[in-house]
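Reading through the structure tokens given below for one structure.
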Amino acid sequence: MQNAKIILMGDKEVGKTSIINTFVTCKSSLQAKPTNMVEDHIKMVDVNENGVTTRLKLHIWDAAGDNNVHNLAHLFVKDVQVGIFVYGINSLQSFKNLDAWQEHLEKENQDYIVFLVGNKMDLEEQRAVSYAQGASKKRITDKCVYFTETSAYSNVESITNLFDEIGKAIVRKGCYQKNRGSIRLSK
């Protein structure tokens with residue numbers, strides 16, 4: 001079994017906690033209690049890549065979307081293999097703030113991959129960030145390997161697909177914790 005550390009980062013109220021709750025429970029998550037600082041969730045997954053099944057223990061960190069986390073980010077991101085940057089498709093500001101979130105991760109960790117997620121696609125009538133804008137952001141973020149839009153409220157499958165892709169990327173790139181060593185990305 002391999003361990004991998006994942007952190008979800010983004011502004012308040014973009015649905016990071018709901019994404020995690022939906023993944024962990026396999027049920028839609030409408031209302032989630034706001035995260036105060038950082039919360040850890042664990043889920044075991046089996047990833048089948050090229051006919052080989054790898055068991056992963058995902059340590060999923062949920063970072064609160066406020067300045068306290070910005071100031072303390074170095075405590076939580078040092079050994080992260082995957083950064084999931086989340087914005088609300090109904091919030092242009094949350095999309096614009098993604099660069100600041102990535103800067104926090106980049107200061108403490110150079111060996112990670114990025115998944116970019118536009119959440120709340122159930123709020124299409126309030127859309128402020130187009131799908132094309134999200135796809136463009138993926139192309140200019142050199143560590144980004146995947147972009148998608150999700151809804152933790154109305155589309156459990158979109159969350160399941162996101163974490164399936166994360167598991168495959170972890171296995172493909174060998175970015176998991178090595179035995180007794182520090183967590184590093186294999187090249």
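Along the Cα-to-C-beta direction of residue 100, a point sits 7 Å from the Cα; which residues of segment 1-15 have their amide N less than 19 Å from that point? Once the point is set 7 Å along Cα→Cβ of residue 100, 8-15 turn out to lie under 19 Å by backbone N, inside segment 1-15. Each peptide among 45-56, 163-174 gets the average number of other Cβ atoms lying within 10 Å of its residues, and from highest to lowest they stand as 163-174, 45-56. Couplings 3J(HN,Hα) of segment 106-118, computed from phi: 5, 4, 9, 7, 9, 9, 8, 10, 10, 10, 9, 10, x Hz, in residue order, whole Hz [Karplus 6.51 cos²θ - 1.76 cosθ + 1.60, θ = phi - 60°; x for Gly and Pro].
For residue 146, the residues 5 or more places off, or on other chains, whose built amide H falls under 5 Å of its own are 116. Estimated from the Cβ-Cβ distance and a Förster radius of 45 angstrom, the FRET efficiency linking residue 44 and residue 108 is about 0.95. A simple spin-label model places the labels of residue 126 and residue 92 1.6 nm from each other, with each point 7 Å out along Cα-to-Cβ.
Just so you know, all these numbers are worked out from the coordinates, no wet-lab data involved. Everything numeric here is computed off the predicted structure, so don't read it as measured data. No Cβ is skipped: glycine too gets one built from the backbone with ideal geometry, and neighbour counts run over all protein chains shown.
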